[in-house]
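Some notes on the structure that comes next.
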Amino acid sequence: MAARDDPKPTPMMAQYLALREEAGDALLFYRMGDFFELFFEDARRAAAILDIALTTRGEHGGQPIPMCGVPVHSAESYLARLIKAGERVAIAEQVETPEEAKARAKREGTPSSKVLVGRSIVRLVTAGTLTEEALLEPRRANVLVALAELRGTVGIAAVDVSTGAMVLEECPADLLGAALARLAPSEVVVPEDWPHGPEEAIVRPRTTFASDAGAERLKAVHGVATLDAFGAFTRAMLAAAGGLVSYLDHVGRGSLPLLLPPVLRETAKTMAMDAATRASLEILESAQGGRAGSLIGAIDRCVTGAGSRLLAEDLSAPLLDTGEIEARLALVQFWQGRPIERARLRDALRGVPDLGRALGRVVAGRGSPRDLGALRDGLAEAARLHHWLSGAPDRPALLDTVLARLTGHGALTDHLSRALVPTPPTERASGGFIADGYDASLDALRAASGDARRAIAAMEARYREETGIAALKIRHNGVLGYFIEVPARHADALMAADSGFTHRQTMAGAMRFNSLTLHEEAARIAEAGGHALACEEAHFEALVAEIVAARESIAATAAALARLDVGAGNAERASEADWCRPEVLDKPCLTITAGRHPVVEAALARSGERFVANDCGLDAHDRLWLIGGPNMGGKSTFLRQNALIVLLAQAGCFVPASAARIGLVDRLFSRVGAADNLARGRSTFMVEMVETAAILAQATHRSFVILDEVGRGTSTYDGLALAWAVAEAVHSQIGCRCLFATHYHELARLAETCEALSLHHVRAREWQGDLVLLHELAEGPADRSYGLAVARLAGVPASVVARAKAVLAKLEAQREATGGIAAGLGDLPLFANLKPAAPEPASPEHQLAEALRAADLDALTPREALDLLYEWKRNLPKAAR
Ligand code: ADP
């Protein structure tokens, strides 16, 4: 390879540089024979990530050009690692054979020394657009999102390219974070100059996000004159969809992946949870990252990847419609009551291939014969399940809906079964996947090449006899094709001019020859083989076309199988530990008997410990529980278990309790005080307050809020004051159900003024100087702090604990004398009376004016200014908006 700044780069260099330019910020995989090669900076970056040898080739301005390469046949695993490391890769393939290149050069009159095989970028591999099995996690959806804003409303187009499932929705700009937290995309695409997208988003020209063009693209993709049948999409949604399809077009170089008709997602139909809530409840991922220790990790009993992906979707977007929730619960109950049938179903499902993803690859033009086999087997199994389950008595409605989607592929399945060999290969190029007996002309071609092979075998025997050389062999390799080989010491006879053999190659110890007859038979094999391959290829294309035509109903079957798996898996989980079917109703109650935390219970069980079940009983007259008690006493666990039970119930799962009556929750909030995070050095108290402010702005009387030690991230007085004010606001302004864990005993006095607030604590006992945590919830305020006992339990040296005891005694004496830090609170008027009629010095309006005065407008970027506006608006109390 020549220098980049050569006055006249070699043709290959010129070609490489043009492709490099086109690849933009993606790494360029440049195909050379059996390798993808990377050069220059690409090579350095890739070699470091892949931990492969960095070599050099040619020079550049006197410097050797860094190079590394990966074999084409194992490129997928390297791609997977590069994508994981956050790279994007442009694949430049050879788009003509050397022969075609030579022929082209001849036509164009280019000297043959300058002939270069044509290459072009055939595809961009990016995290959000993968379809390859090896690059995808079987149990996780892989979501690509495009965003477009129209007048403060953000349109969101989300697609899982591996299955084609596409959803359009919209949200106010300030709730975008929550929406993205729910979708958990692996790649986000935004218009250029739009400041609100995530930092790592891919930026695309604004023109690609036009709503009319977006609608036209969708209509064209689905061959419809209007999108009305799919849903009433807004302009913001269509603009996002336009950006999405245009990006897919860009990375696929003009070929689009599977796109199913877009589904309209109405935000009002699912429970809202913001990013902080999702993270703190560890729904799909634990705080450490990964499924282990998360809710889904503890409950997922699905036997297929598609089932696990659907369960993740259910848990990410719990429902608000009692009818839909009951339908899912009835399906779980159906399977729970039939353990034998359930086992049989799960056995059958275990063998079902990932239909949705096989379909995704086939439609994207990256399908293999094995994918066709997967579709054949999956659809056949679906039909068998339909046949079996249609006869089942007492079927719930959702099962009937599911069953209806399992059939209707008889002709296709039959066709695939006749056409394909039992286990088709993953490699399409070398043929061998079309079954014998499917096509007479293919059989004839195969017979011809078989005949020729047999003729060659016979020829070997004949030549041995004729020449008297027992060691003579007819062999085959990729360079010479078929040839005759004899040991060098016997070669003389064959070298004779009239021997009928022509010399091809001399090896150490052996000589290789050709003969006219061998040449003719070899040509017959090659010709028949070539025709056979072309014939198989044509059948492949025909089968693909048939599948593409049925893509929507195949996708529906895949979704139906996943729903069956989720229903049976949830029943399996419920049966393992006596979970119950929750009763979901539209009342402000939350009555849970003997509730457990699924993750903590499982963790304790592993070490042979027992989880102590606890009741929760919130209703309109007792909707805020203030929970005290020692550290490590089980407060956080209790809070979260109730939030998780609500979430599970509305997702249509059974719950870890012996009984549960759950009034629908429209928004779920979970907040954890920031003290634990102080070490991370960020202003975590600020984060805590911003997140708390969001609750006060967004929660409604139908919401459920859990607050875990909110206020502890600052000084005692500030913290107590804030906790006090937040508890009061939740109680008196919002009026929603709330569990509030705190170690501020002083908050107990809230019970005097807040009629729907009650006091509870986790029990502990000191026994022979040791602290015993009972993890049991009881009514009434916590009688005392066990901080010192906890310190001892944690291994703080006895001398230090003794000293702390002395200090504490002094402090407590002081408290007796003065009334403690909450001494002044006796005269605090009722919260309701505090609602400002007219702005007073510390009113939000006043604070806003102060903040406005203090803001240095010239120092703000437009983005920061907009953020500030949003923040101020958020912080205004509702009535003031
Ligand atoms: P707190 O919030 O009061 O500090 P946690 O809820 O974090 O306490 O619980 C501390 C530990 O106690 C948990 O990690 C768990 O091992 C144990 N624990 C909590 N609740 C229970 C329970 N109900 N039954 C048994 N062990 C529990």
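Think of the chain as a dipole: +1 on every Lys or Arg Cβ, -1 on every Asp or Glu Cβ, centred on the Cα centre; then among 299, 604, 153, 604 lies furthest on the positive end. Ligands, DNA and RNA left out, the 1.4 Å accessible surface of the chain is 54% carbon and sulfur atoms. Binning the C-alpha pair distances of the chain at 20 Å intervals from 0 yields a P(r) profile of 12, 35, 31, 16, 6, 1, 0 %, listed from the shortest bin outward. If R0 is 45 Å, the Cβ-Cβ spacing of residue 232 and residue 849 corresponds to a FRET efficiency of close to 0.60. Backbone geometry of segment 230-247 corresponds, through the Karplus equation with coefficients 6.51, -1.76 and 1.60 at θ = phi - 60°, to 3J(HN,Hα) couplings of 7, x, 8, 7, 8, 5, 4, 5, 5, 4, 5, 4, x, x, 5, 5, 5, 5 Hz, x marking Gly and Pro.
For the peptides 150-158, 605-613, residues were scored by their other Cβ atoms within 10 Å and the scores averaged per peptide; the highest-first order is 150-158, 605-613.
Hey, any idea what the orientation-averaged projected area of the convex hull of segment 422-462's Cα atoms comes to, in nm²? Spelled out: convex hull of the Cα atoms, projected over all directions, averaged, 3.8 nm². Using C-alpha pairs below 8 Å separated by at least 6 residues, the relative contact order for segment 204-343 is 17 percent. Note on the chain: helix-only mean residue ellipticity at 222 nm, from DSSP H runs of 4+ residues weighted -39500 (n - 2.57) and normalised by residue number, equals -14000 deg cm²/dmol. The residues of the chain expose on average 47 square angstrom of accessible surface per residue, using a 1.4 Å probe on protein heavy atoms.
With the highest mean first, a sort of the peptides 757-765, 47-55, 804-812, 419-427 on other beta-carbon atoms found within 10 angstrom per residue produces 757-765, 419-427, 47-55, 804-812. One quarter of the surface of the convex hull around the alpha-carbon atoms of segment 368-468 equals 9.6 nm², the direction-averaged projected area. Charge tally around residue 484: other residues with Cβ under 11 Å, Lys/Arg +1 each, Asp/Glu -1 each, net +3. Each residue of segment 559-566 is assigned a 3J(HN,Hα), and the resulting list reads 5, 5, 4, 5, 5, 4, 4, 5 Hz, derived from the Karplus form 6.51 cos²θ - 1.76 cosθ + 1.60 (θ = phi - 60°), x at Gly and Pro.
Mind ranking 448-455, 123-130 by how tightly packed they are, going by the mean number of other C-beta atoms within 10 angstrom, highest first? Don't skip to the end; give the middle numbers.
Values: 448-455: 16.0, 123-130: 21.9.
Those peptides, ordered most packed to least, come out 123-130, 448-455.
Charge tally for residue 799 (other residues, Cβ to Cβ under 13 Å; Lys, Arg +1; Asp, Glu -1): +3.
The phi torsions of segment 739-755, fed into the Karplus equation with coefficients 6.51, -1.76 and 1.60 and a -60° offset, translate into couplings of 10, 10, 9, 8, 9, 7, 4, 4, 4, 3, 5, 4, 4, 5, 10, 9, 6 Hz, rounded to whole numbers, with Gly and Pro shown as x. Here's the picture: charge each Lys and Arg Cβ at +1 and each Asp and Glu Cβ at -1 in segment 132-244, and of 196, 178, 220 the one pushed furthest to the positive end of that dipole is 220. Length gained on full extension, residue 553 to residue 756: 67.8 nm, using 0.36 nm per residue less the C-alpha separation.
Rounded to the nearest 20 debye, the dipole magnitude of segment 592-703 is 160 debye, with +1 charges on Lys and Arg beta carbons, -1 on Asp and Glu beta carbons, and the Cα centre as origin.
Using R0 = 41 Å, the C-beta based FRET efficiency linking residue 802 and residue 199 works out to 0.20. Quick one: helix 440-467 against the long Cα principal axis of the chain, what's the angle to the nearest 10°, folded into 0 to 90? The two axes meet at around 50 degrees.
Each Lys and Arg Cβ is given +1 and each Asp and Glu Cβ -1; about its Cα centre, segment 153-312 then shows a dipole of about 420 debye.
Pairs of Cα atoms nearer than 8 Å and 6+ residues apart set the relative contact order; for segment 119-180 it is 25 percent.
Within segment 400-442, what residues put their amide N at less than 20 Å from the label point 7 Å along the Cα-to-Cβ vector of residue 76? Counting backbone N atoms under 20 Å from the label point, the list is 421-434.
For the chain, relative contact order (Cα pairs under 8 Å, six or more residues apart, normalised by length) works out to 9 percent.
With both labels modelled 7 Å from their Cα along Cα-to-Cβ, the residue 268 to residue 102 distance reads 7.1 nm. Dipole orientation for the chain: of the candidates 793, 758, 467, 467 has the Cα lying most toward the positive pole (charges on Cβ; Lys, Arg +1; Asp, Glu -1).
Placing +1 on the Cβ of every Lys and Arg and -1 on the Cβ of every Asp and Glu, with nothing else charged, gives the chain a dipole about its Cα centre of roughly 1000 debye.
Mind checking the log10 I(q)/I(0) for segment 275-423 at q = 0.10 Å⁻¹? Debye, one equal scatterer per Cα, no solvent, two decimals. Treating every Cα as an identical point scatterer, log10 I(q)/I(0) equals -0.46.
The values are calculated or read from the model by the stated rules, or taken from the named source; none is laboratory data. As the structure is a computational prediction, the values presented were derived from the model and not from experiment. Note: ideal-geometry Cβ built from the backbone for every residue, glycine included; neighbour counts use all protein chains shown. Ligands, DNA and RNA are excluded from the accessible area calculation, which covers all protein heavy atoms including side chains. Shrake-Rupley method; radii C 1.70, N 1.55, O 1.52, S 1.80 Å.
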